Amino acid sequence: MDNDKQKIELLAPAKDLDTGIAAINCGADAVYVGAPQFSAREKAGNSIENIEKLVNYAHQYYARVYITLNTILNDSELLQAVQLVHNLYNIGVDAIIIQDMGFLEHNLPPIPLFASTQTHNISAEKISFLHKVGFQRVILGRELSLEEIKNIHSITDIELECFVHGAVCVSYSGQCYMSYAIGGRSGNRGQCAQPCRKKYSLRDSTGQILVNNSHLLSLKDMNRSNHLRELVDSGITSFKIEGRLKDKQYVMNIVSFYRNELDKILHQIGKEKSSSGISHPDFRAHPDKTFNRQYSDYFLNGRTKSLANFSTPKSMGEKIGTVKGITKEYFTLKEKHDLDKGDGICFIDSSGDLCGTTINKIDGEKVFPQKISELAQNLTIYRNYNHEFATQLGKSRTIRKISTTLYCEINEKNIIFKARDEDNNQVSLTFKNNFETAKNQQGVLDTIRKQFLKSGNTIFETTIEITATPPYPFIPVKILNDMRRSLLEELLKTRMESYSQQIRIKKTMPVDYPEKNLSYRANIFNEKAKAFYKNHGVQNIEPAAETGLLLNGKKVMTTKYCLRYELGLCGQKLNEPLYLVDEKGQPFELSFDCKKCEMNIYFGDKNDS
């Protein structure tokens, strides 16, 4: 398949049915949700019944539903997961997102397989291999630049999915064992304790503290909304929003924002979105107005500084202004602002810590917060809760409609109604013209037009064309409404019947994996996964860390983010090795691969391994 001819997909997260429906209404072309088990977000599972409801809702708009089964599995879990895939296929799910290669050694239904970003998809050779063994799509590593994406696209025509918005893991996905090493909670098993969001001190080999008690590994969120055109040109066909643990309001805001931005670009370049219908939001989306840790484009155009926020891993929201004056009761800002009663504000205090409070009252330029003791002149104020916007989203009745033309033909014998939607689905219903002649002839056509433009709670947005030969019959409004309802019900039935569930073509070509020796970082947790790699030429396999491997002295994180670069220490002579030390005193040795421009983190001292 030629990616350049493919339609473009906006892919949204959903933690539950309600959020998934909201994402579809706000313009998502597809949503991804967690299965009842085995998802990389353990707390974002959904029942089969709710997934089926979401599938049926999405398919009305020709939108797709993908299910995440992207943890590594032990042998008994893998058997359960394979049965789950069969169940999901039977209810119409469009694809399964997986990490564990053991799936491919089982008899799966012909459902498309997507390679999770947890499979560490950063090299063209690896991605080409995944395509050859049967994956339809790969979800690219977040760290890839535009040039690297273009190179991958040039050697394979597999579908490429790319994150464009949301939280960023500091480690390469699938390559983080820090949470498991510290407390036995594995990110590859959906149980990450997020140690990257905690505080650390940076010290050298002499014990000198270079940075004290800061969030040194907590990265800002991703926002690539200014680079969507370049991503399309580089070969991306699916634009993914992160956030299966985010609330419905966040998803509505971000999906609606990216829908608008992406549509402008698709119009410019003559491409189409991959689903049908137009979303009609009743709010003005803005990514700063819901959860965010401030933004970066995260290596998309090369390495830059300010990828992390050392002060906090929490949401900062939108920048409002700088404190000009302060009293015991209120403060003023140097800039004009739209702060209001009920808003939440935050700021970094003189100690470098995040503080926050709520606005009690606004009186002209005077802002009266609930707490004022930590505030000081020249502090930058952010709004991390917009009360008015949150209320607006909470009350939103955003709808999505399919453009549909209705046709009415009236002759002496019959009344014929036809409908054709934007995807060229067509239906026709014929009724006998047994009605009396109307006294008000012009009123007949006006009444038909009025009643048939009422699409009510259906997914259709209608226009009507009428062809009629007088004298016109008198058709009671109730009967007209029943005719319209029957016509649109028949059209919806036809739409659903014409929906095409994609089929995976199983590939049998022999192909060798790019490596012959695999360490624990290949995440091989079951016998079927081991057999998969053996069948593709791998000779030596170390079992996954989660089998109980002792991680003392072993690499627990590899990241393109580099503390030396972030702190401006590149090229400086330091007393190495450097260590991150957590609040409990646990050290993590750092090593810097300057040739690859990567940072490695070890559990304890790497010489202990």
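The values are calculated or read from the model by the stated rules, or taken from the named source; none is laboratory data. The model shown is predicted, which means the values in this text are computed figures rather than measured ones. Counting neighbours? That spans all protein chains shown, and the Cβs are built from the backbone with ideal geometry, glycine included. Please note that ligands, DNA and RNA were not included when accessible areas were found on the heavy atoms of the full protein model with its side chains. Shrake-Rupley method; radii C 1.70, N 1.55, O 1.52, S 1.80 Å.
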Quiz prompt | Residue (of Q37, P109, V323) at the positive-pole extreme of the chain, dipole from beta-carbon charges | solution = V323
Self-check item: Crossing angle, helix 48-59 versus the chain [Cα axis fit, 0-90 degrees, rounded to tens]
Solution: 60
Quiz item: Where does helix 477-498 land angle-wise versus the long Cα axis of the chain, in degrees 0 to 90, nearest 10?
Solution: 50
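With every protein chain kept in the model, how would you rank I410, I503 by accessible area, 1.4 Å probe, largest at the top?
Numbers: I410 5, I503 95 Å².
Reading off the accessible areas and sorting them downward yields I503, I410.
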Quiz item: Any idea of T357's accessible area? Nearest 10 Å², probe 1.4 Å.
Solution: 10
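What number, in nm² with one decimal, is the all-direction average of the projected area of the convex hull of the alpha-carbon atoms of the chain?
On the way: hull surface 133.1 nm².
With the hull built on Cα positions only, its mean projection is 33.3 nm².
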Quiz prompt | Other-chain or far-sequence residues with amide H under 5 Å of L551's (modelled H) | solution = none
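What is the diffusion coefficient of the stretch 126-257 in µm²/s, taking the Kirkwood radius over Cα pairs and the Stokes-Einstein relation at 25 °C with a viscosity of 0.890 mPa s? If you can, show how the numbers build up before the last one.
Working: Rh = 17.3 Å.
Answer, rounded: 142 µm²/s.
Considering every pair of different Cα atoms, what Kirkwood radius, in Å, is found for the stretch 392-450? Display every interim value, and only then the final one.
Details: mean 1/r = 0.0698 Å⁻¹.
Its Kirkwood hydrodynamic radius stands at 14.3 Å.
Kindly state, to the nearest 0.05, the FRET efficiency for D247 paired with Q442, given R0 = 51 Å and r defined as their beta-carbon distance. Could you put the intermediate results ahead of the total?
Working: r = 52 Å, r/R0 = 1.03.
Approximately 0.45, to the nearest 0.05.
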Exercise. Please label the shape of the stretch 442-521 as rounded, prolate or oblate, based on the square roots a ≥ b ≥ c of the eigenvalues of the alpha-carbon gyration tensor (a/c under 1.5 means rounded; beyond that, a/b larger than b/c means prolate, else oblate).
Key: prolate
Quiz item: How much length is gained on full extension from V511 to H267, taking 0.36 nm per residue of separation minus their Cα-Cα distance?
Solution: 83.8 nm
Self-check item: Estimated FRET transfer efficiency when R0 is 35 angstrom, pair E125-H227 (beta carbons, to 0.05)
Solution: 0.85
Practice problem: Please report, largest first and rounded to whole Å, the three semi-axes of the ellipsoid equivalent to the stretch 200-318, where each semi-axis is the square root of five times an eigenvalue of the C-alpha gyration tensor. | Solution: 35, 18, 10
Self-check item: Residue-by-residue Karplus 3J(HN,Hα) for the stretch 527-543, coefficients 6.51, -1.76, 1.60, Hz, glycine and proline x
Solution: 5, 5, 5, 4, 5, 4, 5, 4, 5, 10, x, 6, 9, 10, 10, 9, x
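Of K248/K401; K220/K516; K289/K401; K7/K289; K7/K314, which pairs sit farther than 28 Å apart, going by alpha carbon to alpha carbon?
On the way: K248/K401 20 Å; K220/K516 36 Å; K289/K401 26 Å; K7/K289 30 Å; K7/K314 36 Å.
Result: K220/K516; K7/K289; K7/K314 exceed 28 Å.
Remind me, what semi-axes does the stretch 282-397 give for its equivalent ellipsoid, largest first in whole Å, using sqrt of 5 times each Cα gyration tensor eigenvalue?
On the way: eigenvalues 121, 87, 26 Å².
Calculated on Cα positions only, the semi-axes equal 25, 21, 11 Å.
Helix-only estimate, please: 222 nm mean residue ellipticity of the chain, summing -39500 (n - 2.57) across DSSP H runs of length 4 or more and dividing by its residues, to the nearest 500.
After summing the helix terms and dividing by the residues of the chain, the value is -7500 deg cm²/dmol.
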Exercise. Extending each Cα 7 Å along its Cβ direction at E598 and Q83, get the distance between those two points in nm, one decimal.
Key: 3.9
Quiz item: Under a 5 Å amide H to amide H cut-off, with H placed in plane at 1.01 Å, what residues pair with G321 once short-range neighbours are removed?
Solution: I381
Self-check item: Gained length - N424 relative to K371, 0.36 nm times residue gap less alpha-carbon distance
Solution: 13.1 nm
Exercise. Determine how large the accessible area of D421 is when every protein chain is in place; take a 1.4 Å probe and give Å² rounded to the nearest 10.
Key: 10
Quiz item: Considering amide H positions built from the backbone, and no H for Pro or chain starts, which residues 5 or more places from M557, or on another chain, come under 5 Å of its amide H?
Solution: Y177, I601
Quiz prompt | Label-point gap, in nm, between S350 and T391 - each point 7 angstrom along Cα→Cβ | solution = 3.6
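Charges only on Cβ, +1 for Lys and Arg, -1 for Asp and Glu: so what's the dipole of the stretch 563-609 about the Cα centre, in debye to the nearest 20?
Working: 6 positive and 9 negative charges, 46 e Å.
In total the dipole reaches around 220 debye.
Give, in nm to one decimal, the length gained when the segment between E497 and Q37 is fully stretched (0.36 nm per residue of separation minus the Cα-Cα distance).
Numbers: separation 460, 0.36 × 460 = 165.60 nm, distance 2.99 nm.
Full extension of this stretch gives 162.6 nm more.
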Quiz prompt | the stretch 317-384 - Debye-derived log10 I(q)/I(0), Cα point model, q = 0.20, 0.24 Å⁻¹ | solution = -0.70, -1.07
Quiz item: To one decimal place, what orientation-averaged projected area in nm² is obtained for the convex hull of the Cα set of the stretch 378-503?
Solution: 13.8
Quiz item: What list of ³J(HN,Hα) couplings, whole Hz, do you get for the stretch 572-586 from phi and the Karplus terms 6.51, -1.76, 1.60, once you set θ to phi - 60° and write x for glycine and proline?
Solution: 7, 7, 10, 7, 9, x, 8, 10, 8, 10, 7, 5, 9, x, 6
Quiz prompt | Of K150/K560; K240/K454; K341/K395, pairs whose Cα-Cα distance is over 26 Å | solution = K240/K454
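Could you put M599, M496 in order of accessible surface area, largest first, with the 1.4 Å probe and the full protein assembly present?
M496, M599
Provide the percentage of antiparallel DSSP beta bridges, counting only those with both residues in the chain; round to the nearest 5.
Working: 61 of 105 bridges.
In the chain, DSSP labels about 60 percent of beta bridges as antiparallel.
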Quiz item: Can you put T304, T290 in order of accessible area, largest first, using a 1.4 Å probe?
Solution: T304, T290
Quiz prompt | Spin-label model distance (nm) - D582 vs H280, 7 Å beyond Cα toward Cβ | solution = 5.2
Practice problem: Using Cα positions and a limit of under 25 Å, work out the lysines in reach of K413, with same-chain residues fewer than 8 apart set aside. | Solution: K432, K439, K450, K478
Quiz item: Taking θ as phi - 60°, what are the ³J(HN,Hα) couplings along the stretch 94-101 by the Karplus curve (6.51, -1.76, 1.60), each to the nearest whole Hz, with x for Gly and Pro?
Solution: 8, 6, 10, 9, 10, 10, 7, 6
Exercise. With a/c under 1.5 counting as rounded, go ahead and sort the stretch 8-103 into rounded, prolate or oblate using the C-alpha gyration tensor (a ≥ b ≥ c being the square roots of the eigenvalues; past the cut-off, prolate if a/b is larger than b/c, else oblate).
Key: prolate
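Averaged over every viewing direction, what's the projected area of the C-alpha convex hull for the stretch 165-235? Give it in nm², one decimal, please. If you can, show how the numbers build up before the last one.
Details: hull surface 28.4 nm².
Hull-based average projected area comes out at 7.1 nm².
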Exercise. Might you work out the accessible area of V581 for me, using a 1.4 Å probe with all protein chains in place, and round it to the nearest 10 Å²?
Key: 30
